[in-house]
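What follows is one structure encoded as structure tokens, with my remarks underneath.
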Amino acid sequence: MNKLVMILLCIFLPPVAVFLDKGLGKDFIINLVLTFFFFLPGCIHALWLTMK
């Protein structure tokens, strides 16, 4: 997927970006919890996962 699209998804919909990149698994669950409690850590986690 295009890097720009992934970055935009990481900023606006972090769990969707992690799901598209990693699938359903521990990374998705961690990101979902981070996004529900605090949005910014979810964005950072998604960016870190999808860009590494």
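Here are a few things to note about the model shown:
- Any pair with Cβ under 8 angstrom, 6 or more apart, that starts in the stretch 24-48 at a residue that is closer than 19 Å to Leu8 by Cβ and ends at one that is surrounded by 11 or more Cβ atoms within 10 Å (Cβ to Cβ) and charged (D, E, K, R): Phe28/Lys22
- Residue check, Gly42 at positive phi and either touching a Leu at 6+ places or on another chain (Cβ under 8 Å) or surrounded by fewer than 15 Cβ atoms within 10 Å (Cβ to Cβ) (or both): no
Every number here is computed from the coordinates shown, using simple stated rules; none is lab data. Given the structure is predicted, the values throughout are model-derived calculations rather than measurements. All Cβ positions, even for glycine, are placed from backbone atoms using ideal geometry, and neighbour counts span all protein chains on display.
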